[in-house]
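Below: the structure, in C-alpha cells.
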Amino acid sequence: MCIVIGMSTADVVLALLSRGPAHGYDLKRGHDTWFDQGRPLAFGQVYATLARLERDGLAAVAHTETGGGPERTVYEITPAGRARLAAWVAEPAEPAAPGADELIRKTVAALRLGLDPAGFVARQRAAHLRRMRALEQTPATDPTSRLVVEHAVAHLDADLRWLEVAAGYVSTDGAAAPVQLLHHVAAGDHSDDSPDDQSDDSPDDHSDDRSRA
Amino acid sequence: MTRGAAARARSAAAVVARSVGGDPAERRRRRLLGAALTCCAAFLLAAVAVATFGLAGPECLRTPGGSTVCVDSGGGYTVTSPPGVSEPIDDFSFGGRLVPDTSGLAPYVGESGLRPGVVVAALLLVVPFAVFALQVVRLGSAARERRLAALRLQGATSADLRRIAAAEVRGTGLVAGVAGLPAYLGLWLLLGVLPPSGWRLLPTPAAALVVGWPVVAVLVVVAAVLAARRAADVGTVDALGLSRRRARPLSRSSATTTAVILGVLVLGLVLLFLAPNGAAAGVVVLVLPLVFVAAAVAAGPWIVVAVGRRHVRRGNPVAVLAGRRLIADPRTPGRVAGVLLAVGLAVGFAVSDVIGIFLSGRTDPYDLAFFGGGILTALAAIGLAAVVAALSLVVGASEQVLDARRPTAALVALGAEPATVVRVVRTQLRSVSVLPAVGGAVVGATLLGGWFAVAEGGGRAWVVPAALGAVVVAVLVAGGAAALGAAGAQRLLRRPLAEAMSVESLRTA
Amino acid sequence: MTPPSTPGDLPGTPPPDHLAATVPVPAGAVLEAHGVQHAYRRTVALRGVDLRVDAGEVVAVTGPSGCGKSTLLHAAAGLLVPQAGTVTLLGRDLARLTEDERALLRRREVGIVLQFGQLVPELTAVDNVALPLLLDGHPADGARRLALDWLERCGAEDVAATMPSDMSGGEAQRVAVARALVTGPSVVFADEPTGSLDTLAGRQVLGLLVAAVRERGASLVIVTHDNTVAARSDREVRLVDGTVASEAVLR
C-alpha cells in the first residue's frame with residue numbers, strides 16, 4: 001500500500017507537535033481528537049510524516065523511551081518547524097472546493113493553538129470573497145458553465161458562513177469548540193467529509209488534550 | 001354553521017376582544033370611541049328631551065273652588081266644575097302653572113312652533129360625533145390590523161372577523177349608551193341650568209328621558225356594531241394585510257347611496273320651491289337640513305377625490321403627493337369634508353341672516369334678543385361641530401402618517417426636506433377643511449342673501465351689496481375657522497409626523 | 001433632529017441653491033468618517049468607526065445583525081448626526097449642515113436604496129422615480145421622461161404605471177434602484193437592497209445596481225449580511241460590535 005503524505009498532514013502533525021514533545025501514538029490520538037468526525041490517521045502515515053519532518057529539519061528526536069513495552073521515539077518541534085507552522089496558519093487556505101479540508105485543518109489548528117485566530121478568520125474571509133468576486137465576474141459563456149460557477153459560489157458562501165460561526169468561537173474559550181464546528185460542517189452543505197464512526201474520542205481525552213495544549 | 005359552532009366562535013371572539021384590551025393603542029381607541037358614542041347618545045337624548053317637552057299630556061289642577069282645569073292638546077282649557085260652581089278661568093289664574101313652564105327657556109325652545117327646529121339642530125350635532133366615532137372604528141391602528149390579518153391567516157372566516165370586530169365595540173357601545181344619560185344631565189346643567197333665564201336650551205329632565213335612555217343606548221350599540229362589522233369586512237383585511245395595504249377606492253354602491261341622497265335633497269328643494277307655503281313645506285324645511293348633511297357626508301369622499309385629482313394635475317410634488325394620498329383613502333377625510341361643508345353652509349346662512357336683520361331695521365330689543373340669541377346659539381353649535389370635525393381629521397391623518405412611516409422616512413432619506421413632508425400633510429388637511437368650509441359658506445350666504453334680495457324685490461339699494469358682503473364675511477369666518485382647525489390639527493400631528501420622519505422609522509416594518 | 005451646529009458656522013455655509021454647484025467632482029475620498037460613535041437608548045451601535053470611500057469605489061459594510069452597520073450607513077448618508085466623530089460627505093462636514101441642507105445634498109448627490117417599503121404607496125412606479133426630480137424643481141414632463149428612461153434601464157418599464165402594492169418584491173426593488181439613480185448621484189447608499197428577495201431576483205437587482213453605479217463612476221456603499229453581495233464590492237469593511245473588525249481589498 002502506497003502511503004501518500006499530503007503536505008497538510010505534515011502541517012497538522014507539526015501543529016500537534018508544537019504543543020510539546022510527543023511520540024507517534026500521542027500524535028495519532030491528538031489528530032483523531034481534533035478531527036473526530038474525519039478519517040483517523042493511520043500509524044504508518046504518522047511515522048512516515050515524522051521521518052520526513054525530521055529529514056527537513058522541522059522536527060527532531062527528543063529522546064527514546066524504553067519502558068516495559070517496545071521502544072518509543074519521542075519527537076519535538078524545531079525552531080524551523082515552528083516558523084513553518086506559523087507560516088502555514090498565516091496563509092489562508094486555497095478557497096477552491098478541494099481546499100475545504102485544508103480550511104478545516106487550518107481553522108482548527110488556529111483555534112486550538114490560539115495562533116491569532118481572529119486574524120486567520122479575517123484573512124480567510126478575504127481570500128474567499130476575492131475568489132467569489134473573481135467567479136462572479138467570469139463572463140457566462142453558456143448556461144451550464146454559469147451553473148458550475150454558481151455551484152462554486154454556493155460552496156464558497158457555505159464556507160464563509162461556517163467561518164462566521166468559527167469567528168464566533170474566537171472570543172469564547174473553546175477547547176471543545178472545534179468539535180462542534182466539525183459537526184456544523186457535517187450538518188451543512190459539506191458532505192465531502194464522510195463522517196466515520198471509528199472515533200475513539202472520550203471526554204477524558206479532551207481534558208487531557210487541553211491540559212497539554 | 002350549527003348553533004354550537006356559532007356559540008363557540010362567539011365566545012372565541014369575546015376572548016380575542018377581551019385579551020387585546022390590554023394593548024395601549026387599543027385602549028386609547030376604545031376611550032375615543034366611548035367618548036364619541038357618549039356624546040352621540042347625549043345629543044340624541046337632548047333631541048328626545050326637547051321633542052317631548054310639553055307632550056306630557058294635559059296637566060290638571062284643582063281650583064280652590066273645587067273645579068278641575070285641564071289643558072287641552074290644542075292649547076285650550078277644559079273646566080269641569082261641580083254643580084253650582086262657576087269660576088272665571090284665564091291664563092293667569094294659576095300663575096301660569098297650567099302651561100309648561102317655559103319661563104327660563106330660550107324662545108325657540110319654549111315656543112312649540114319653533115321647537116322642531118331645535119330638535120333637528122340636536123340631531124345634526126350628533127353627525128360630527130358619529131363621523132368621529134366611525135373614524136375611530138375604522139382606525140386601522142397597525143396592531144389591530146396585524147391582529148386581524150394574523151387571525152385570517154390562522155383560518156378565521158370573514159364572519160369570524162366581523163364577529164370579533166363586533167365584540168370589540170359592543171361593550172364600549174353599551175357603556176357609552178348607558179353613560180349617555182349622565183352625560184345628558186351634565187349637558188343640561190351646562191345648557192339648562194347655568195345660562196340666565198331666557199337663554200336656557202334644555203328643559204328640566206322629564207319622564208320621557210327614562211323611556212328614551214334604553215332606546216338610545218340600544219341604538220348606539222347597534223350602530224357601532226354595524227359600523228365595526230363593515231370595517232372588518234373581507235375587502236379591507238386580508239391574510240396578507242400586514243405587508244400590503246391597498247388603496248380603498250370608492251365603490252359603486254357608495255356612488256349609488258350618494259346619488260340617492262342627493263336625489264332626495266333635490267326633490268325636497270323642488271317641493272319647497274313649488275309649494276313654499278303648503279302643509280308639506282313645514283316638514284320639508286325641517287327634514288331638509290338632515291338630508292342636506294347626509295348628502296354632504298355621502299358626497300364628501302367624491303369631493304375629496306375631485307380635489308385630489310386637481311392637486312395631482314398641478315404637478316408640483318407636494319400637491320401630487322397630497323392629492324394621491326387623498327385619492328388613496330378618501331372616505332374618512334371625505335366625511336369630515338362633508339361635515340365642514342355643512343358647517344360652512346350654516347355659517348353662510350347665519351352671517352347672511354345677521355346682516356339681513358341689522359340692515360332690515362328690525363332692531364327693537366325683543367327682535368335682537370330673539371334672533372341674536374338664536375344665531376349665537378347656532379354659531380356655538382356650528383363651532384362645536386367644526387371642532388369635532390377637526391379632531392376626526394387629526395385621528396384620521398395621524399393614522400395615515402403612522403401607517404406610512406417607512407415610506408415617509410424613505411422620502412426624507414431620498415432628500416425631501418422635513419418641511420416638504422409637513423407641507424404635504426398641510427395641503428391634505430386644508431383640502432378637506434378650508435375648501436369645503438369656504439364652498440359651503442359661499443353657497444349658504446349666496447342662497448340666503450339671494451333670497452333676501454328677491455324678497456326685498458331689489459327695492460332698496462343696499463340689498464345687493466349687503467348680500468355680497470355677507471358672502472365675503474361668511475367666507476372669511478368659515479375659511480378662517482377651518483384654517484385655524486387645520487393648523488390645530490397639524491400641531492397635534494407634529495409628534496407622529498416627527499416620529500415617522502425619524503431615521504428610526506427605516507428600521508420598522 | 002437638529003445638527004449640533006453653532007450659529008457661528010452658518011455664515012460660512014453657502015445658501016442651498018449653490019450647493020450642487022459648489023460640490024466639485026470628487027477626487028479621492030467621497031466619504032470620510034472618523035471616530036463615529038452613536039448609541040441608542042439601550043444599545044451602543046457604533047464605538048468609534050472610521051470609514052473612507054473613494055470615488056468610484058464599491059464598498060461593502062458587513063457584519064452580524066446588530067453590529068451597527070445600518071447606523072453607520074445612516075450616519076454616512078446624513079440621516080442621523082452621530083453623537084461623536086465627523087462625517088465628511090462629498091467634501092462637506094455633515095454636522096455643520098442644517099437638516100434641510102443635508103436633505104438637499106442627498107437629493108442631488110446621493111441615492112438611497114433600502115431593503116423594502118421605501119416607495120410612496122400612493123404613487124405609481126414612474127411617479128415614485130420622478131419624485132426626487134420633482135422635489136428638486138424639475139419640470140414634470142422632463143422628470144417623467146427621465147423616470148421612464150431609468151425604469152427601462154432597470155428592467156421595470158412593465159410596472160411603470162403600477163402601484164407599489166401591486167408589484168413583486170423584485171419589481172419594487174428595481175423601481176427603488178431607478179429612483180436612487182435618476183438624479184445621477186455621486187454616491188449611492190444601499191441598506192440590504194436584496195434582503196427581501198429570493199436568490200435569483202436578488203442577484204439581478206444587485207447586478208443592476210452595481211453595473212449602473214460603475215457605469216456612472218459613482219461610489220456605492222452597500223450594507224449587507226449576504227456574502228455573495230459583499231463579493232461584488234471592491235473592498236469589504238467588517239463591523240463587529242460597533243467597531244471595524246477587519247477590512248479586505250477584494251479588487
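Computed from the coordinates by the stated procedures, all read-outs in this text should not be read as laboratory data. Note that this is a predicted model, so its numbers are computed, not measured. Quick reminder, even Gly has a Cβ in these numbers, built from the backbone with ideal geometry, and neighbours come from all protein chains shown.
Using per-residue counts of other Cβ atoms within 10 Å, averaged over each peptide, order B:129-137, B:209-217, B:482-490 from highest down. Please list the in-between numbers first.
Numbers: B:129-137: 26.1, B:209-217: 17.2, B:482-490: 20.9.
Listed from highest to lowest mean packing, they are B:129-137, B:482-490, B:209-217.
What ³J(HN,Hα) values, in whole Hz, does the Karplus curve 6.51 cos²θ - 1.76 cosθ + 1.60 give for segment B:181-196 when θ = phi - 60°, with x put for Gly and Pro?
Calculated HN-Hα couplings, in order: 5, x, 5, 5, 4, x, 4, 5, 4, 6, 10, x, 10, 5, x, x Hz.
Residue by residue through segment B:494-507, what is 3J(HN,Hα) from phi via Karplus (6.51 cos²θ - 1.76 cosθ + 1.60, θ = phi - 60°)? Round to whole Hz and write x for glycine and proline.
These are the phi-based 3J(HN,Hα) values: 4, 5, x, 5, 4, 4, 5, 7, 5, 5, 4, 5, 5, 8 Hz.
Report, by chain and number, residues whose modeled amide H sits under 5 Å from the one on C:ALA84, excluding near sequence neighbours (fewer than 5 apart, same chain).
C:GLN37
Taking every residue in A:156-166, how many Cβ atoms of other protein chains lie within 10 Å of its Cβ, on average? Can you show the working numbers first?
Numbers: counts 3, 4, 1, 1, 6, 2, 0, 1, 6, 0, 0.
Across A:156-166, the average partner-chain Cβ count within 10 Å equals 2.
Give the long-range amide H neighbours of C:VAL240: residues separated by 5 or more places, or on another chain, with amide H under 5 Å away, using H modelled in the peptide plane at 1.01 Å from N.
C:ALA245
Let me make sure I get this right: for segment A:88-170, a, b and c are the square roots of the gyration tensor eigenvalues over alpha carbons, sorted descending. Under 1.5 in a/c it's rounded, otherwise prolate if a/b > b/c, else oblate. Which is it?
Details: a/c = 2.63, a/b = 2.61, b/c = 1.01.
The shape class here is prolate.
Residue by residue, what Karplus-based ³J(HN,Hα) values in Hz, rounded to whole numbers, does segment B:268-275 have, using 6.51, -1.76 and 1.60 with θ = phi - 60° and x for Gly and Pro?
Once rounded to whole Hz, the list reads x, 5, 4, 4, 5, 5, 6, 10.
When DSSP assigns beta bridges and you keep just the ones with both residues in segment C:27-249, what percent turn out antiparallel, to the nearest 5?
Numbers: 21 of 38 bridges.
Given both bridge residues lie in segment C:27-249, the antiparallel proportion sits at roughly 55 percent.
Under the rule of at least 5 residues apart or a separate chain, name every residue whose amide H is placed under 5 Å from the amide H of B:ALA232.
none
Need one word for segment B:300-509: rounded, prolate or oblate. Basis is the Cα gyration tensor (sqrt eigenvalues a ≥ b ≥ c); a/c below 1.5 gives rounded, then a/b vs b/c decides.
Numbers: a/c = 3.46, a/b = 2.45, b/c = 1.41.
In terms of gyration-tensor shape, prolate.
Computed FRET efficiency, Cβ-Cβ of B:VAL464 and B:ARG495, R0 51 Å: what is it to the nearest 0.05? Walk me through the intermediate numbers first.
Details: r = 49 Å, r/R0 = 0.96.
Using R0 = 51 Å, I get an efficiency of 0.55.
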